[in-house]
1. How many residues are more than 17 Å from Ser139 (Cβ to Cβ) and either of a type in the set (Asp, Glu) or buried (at least 18 other Cβ atoms within 10 Å of the Cβ) (or both) when one looks only at region 43-53?
2. Does Ser139 satisfy being in a loop (DSSP other than H, G, I, E, B) and either out of contact with any Lys or Arg (no Cβ under 6 Å at 6 or more places or on another chain) or under 24 Å from Arg52 (Cα atoms) (or both)?
3. Could you identify the single residue in Ile107, Ile99, Ile103 that is in contact with a His (Cβ under 9 Å, 6 or more places away or on another chain), surrounded by 15 or more Cβ atoms within 10 Å (Cβ to Cβ), free of Cβ contacts under 8 Å to residues at least 40 places away in the same chain and not acidic (Asp, Glu)?
4. Among the residues of region 120-134, which ones are under 15 Å from Val43 (Cα atoms) and among the aliphatic types (A, V, I, L, M)?
5. Which of (1) touching a Leu at 6+ places or on another chain (Cβ under 9 Å); (2) open to solvent by 40 Å² or more (accessible area, probe 1.4 Å); (3) not acidic (Asp, Glu) is the odd one out, the single condition Asn60 does not satisfy?
6. Among the residues of region 91-111 satisfying the criterion of being assigned to a helix (DSSP H, G or I) and β-branched (Val, Ile, Thr), which is farthest from the chain's Cα centre (by Cα)?
7. Name the single residue, out of those in region 76-87 being open to solvent by less than 60 Å² (accessible area, probe 1.4 Å) and assigned to a helix (DSSP H, G or I), that is nearest to Val129 (Cα to Cα).
Amino acid sequence: MDKVRSKFILISIFFLISFSSCDVAENLVNILDDEMPLTEQEVVKGLKEALRVSTDTAVNVVSALNGYYGDEIIKILLPPEADVIVRNMNHPLLKAIGITDMINDVILRMNRAAENAAKQATPIFTNAVRNMTIQDAFSILNGSDTSANKNI
């Protein structure tokens, strides 16, 4: 039975990592629950491992060169208060004083800082996952798609 549970936990981890919705993982647990009920400790262990692996993967992606800057979805841009400057940065007068290069340099530096910060945040995420309680794990499992963000 331990081999079956181990396989189930590994499959669950795969599905937790592969799908962004905890609903998929919860449905999988509910389907297989009748066949081989998991203990609370097994659920927590599987969820912690899934969070550890997904955190490591995410950190490796965003902390790489252009992890933020090269990804249009998470690229950090200037705040809305600077929109008037950004919209007009190609104006001949602003271009002549080098505003375009300055704006692009600031955006690049902010994203490089985020890439460096991601590496330094890894121990914080690891510690949060390691110290997760059974209640935290079940809140994530039974919560919304962003439950992990709220509990860690």
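The values are calculated or read from the model by the stated rules, or taken from the named source; none is laboratory data. Here the structure is a predicted model, which is why all the values come from computation and not from measurement. Virtual Cβ from ideal backbone geometry, glycine too; neighbours counted across all protein chains shown. Areas reflect the complete protein model, heavy atoms only, side chains present, ligands, DNA and RNA absent. Shrake-Rupley method; radii C 1.70, N 1.55, O 1.52, S 1.80 Å.
1. Restricting attention to region 43-53, the residues satisfying the condition of being more than 17 Å from Ser139 (Cβ to Cβ) are 49, 52-53.
Retained after the next criterion (residues that are either of a type in the set (Asp, Glu) or buried (at least 18 other Cβ atoms within 10 Å of the Cβ) (or both)): 49.
So the answer is 1.
2. On the way: in a loop (DSSP other than H, G, I, E, B): no; either out of contact with any Lys or Arg (no Cβ under 6 Å at 6 or more places or on another chain) or under 24 Å from Arg52 (Cα atoms) (or both): yes.
No, not satisfied.
3. Details: Ile107 fails: in contact with a His (Cβ under 9 Å, 6 or more places away or on another chain); Ile103 fails: in contact with a His (Cβ under 9 Å, 6 or more places away or on another chain).
Only one candidate passes the filter, namely Ile99.
4. The answer is Val129, Met132, Ile134.
5. Every listed condition holds for Asn60 apart from (1).
6. So the first thing to find is which residues in region 91-111 are assigned to a helix (DSSP H, G or I), and the list is 92-96, 99-111.
With the extra rule that they be β-branched (Val, Ile, Thr), the set shrinks to 99-100, 103, 106-107.
Working: Ile99: 34, Thr100: 32, Ile103: 28, Val106: 25, Ile107: 22 Å.
Looking at residues that are assigned to a helix (DSSP H, G or I) and β-branched (Val, Ile, Thr), I get Ile99.
7. Only one residue fits best here, namely Ala82.
Residues checked against (1) touching a strand residue (DSSP E or B) at 6+ places or on another chain (Cβ under 9 Å); (2) small (Gly, Ala, Ser); (3) open to solvent by 40 Å² or more (accessible area, probe 1.4 Å); (4) in a loop (DSSP other than H, G, I, E, B):
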residue: Gly70; (1), (2), (3), (4): no, yes, yes, yes
residue: Ile74; (1), (2), (3), (4): no, no, yes, yes
residue: Met89; (1), (2), (3), (4): no, no, no, yes
residue: Ala113; (1), (2), (3), (4): no, yes, yes, no
